[in-house]
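Readers should treat all values here as calculations from the given coordinates under stated rules, not as data from a laboratory. Keep in mind it's a predicted model, so treat the numbers as computed, not measured. For neighbour counting, all protein chains shown are included, and Cβ atoms are generated from backbone atoms with ideal geometry for every residue, glycine included.
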Amino acid sequence: MPRHLPLPDLSDVSLLFLLSTISSTTQDDLEQFLAAKSVSHGPITVAQVSRYAAITREQFNEWKTLWPMSYHDCIVREDPPLSPEEVASAEKWMRLALQVAAPNAGSADDSFINGAIMVDPVTNTQISASGDDRRKNPLHHATMNCIEQVAQRERKRRQSRHAPDRKIDTDRSVDVEQSQPRSHTDPPNHKRKAADDDDALEDEAIAYAGKSGYLCTNLDLYVVREPCAM
């Protein structure tokens, strides 16, 4: 019984508690339990209570008559089903994420077996890729490594604004071989595989970060193991 109960000044007010489901105990067991705790109580009755939270106003208005409940308007997104092309694309990137995770496949701790691929969904191109490297640094989750690569590219893009004579790194793909885990003590590897016709283009996906103030805005992340703590 809560410390502030009973309320001597409100003797005409009754407080109802939900004690248990009828499938998990009996009324006799409940009475014995309350008696052992020296809890005074009125008659123990069976009440109907909604098993689920109301997600519509109509459900709330109907179910609250059984037992008091709260309701918060929620916006339920009804996304259209994925097209065959979208499914094929997702499978492609997940296979690549598995390939990135492969070097750690022999680890005794399978939590290190992870791979992540950052993709621009507009152009369906790879932005970054990385495996798990937490043996060297506890923060080097595959997801965090991908975000770090995006940050490096964004930093170069911004620096290029102040150095027009420097060639902009405009690649739209990262070699999986170059995307394996590395520690912060290792020198950054800026080798990239890029198509010739991309040399004069800025990376639109990275440019999104400059407009929104957040890295990786509007990008998709494919991760082998979810959820990732980072």
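What's the local net charge at ALA97, with K and R +1, D and E -1, over the other residues with C-beta under 12 Å away?
Net charge in that neighbourhood comes out at -1.
What order do you get for ILE127, ILE55, ILE22 when you list them from fewest to most C-beta neighbours inside 10 Å?
With the sparsest Cβ surroundings first, the list reads ILE22, ILE55, ILE127.
Enumerate the calculated ³J(HN,Hα) couplings along segment 51-67 in order (Karplus 6.51 cos²θ - 1.76 cosθ + 1.60, θ = phi - 60°), each rounded to whole Hz, writing x wherever the residue is Gly or Pro.
Ordered by residue, 3J(HN,Hα) equals 6, 10, 6, 6, 10, 9, 4, 5, 4, 4, 5, 7, 6, 5, 6, 7, 7 Hz.
For the residues ASP73, ASP132, what sequence is obtained by ranking on other C-beta atoms within 10 Å, fewest first?
Least crowded to most crowded, the residues run ASP73, ASP132.
Report ³J(HN,Hα) in whole Hz for each residue of segment 118-132, in order, from the Karplus equation J = 6.51 cos²θ - 1.76 cosθ + 1.60 where θ = phi - 60°; Gly and Pro get x.
Result, rounded to whole Hz: 9, 10, 7, x, 5, 9, 6, 10, 6, 9, 7, 8, 7, x, 8.
Pop out the ³J(HN,Hα) list for segment 140-154 in order, Karplus 6.51 cos²θ - 1.76 cosθ + 1.60 with θ = phi - 60°, rounded to Hz; leave Gly and Pro as x.
Listing the rounded values in order: 8, 5, 4, 4, 5, 5, 4, 5, 4, 4, 4, 5, 5, 5, 5 Hz.
Tell me, in nm to one decimal, what length is gained between THR217 and TYR71 on full extension, where the rule is 0.36 nm per residue of separation less the Cα-Cα distance?
49.4 nm
Tell me, in nm to one decimal, what length is gained between ASN137 and ASP79 on full extension, where the rule is 0.36 nm per residue of separation less the Cα-Cα distance?
17.1 nm
Rounded, prolate or oblate, given the Cα gyration tensor of segment 8-63, with a/c below 1.5 counting as rounded?
oblate
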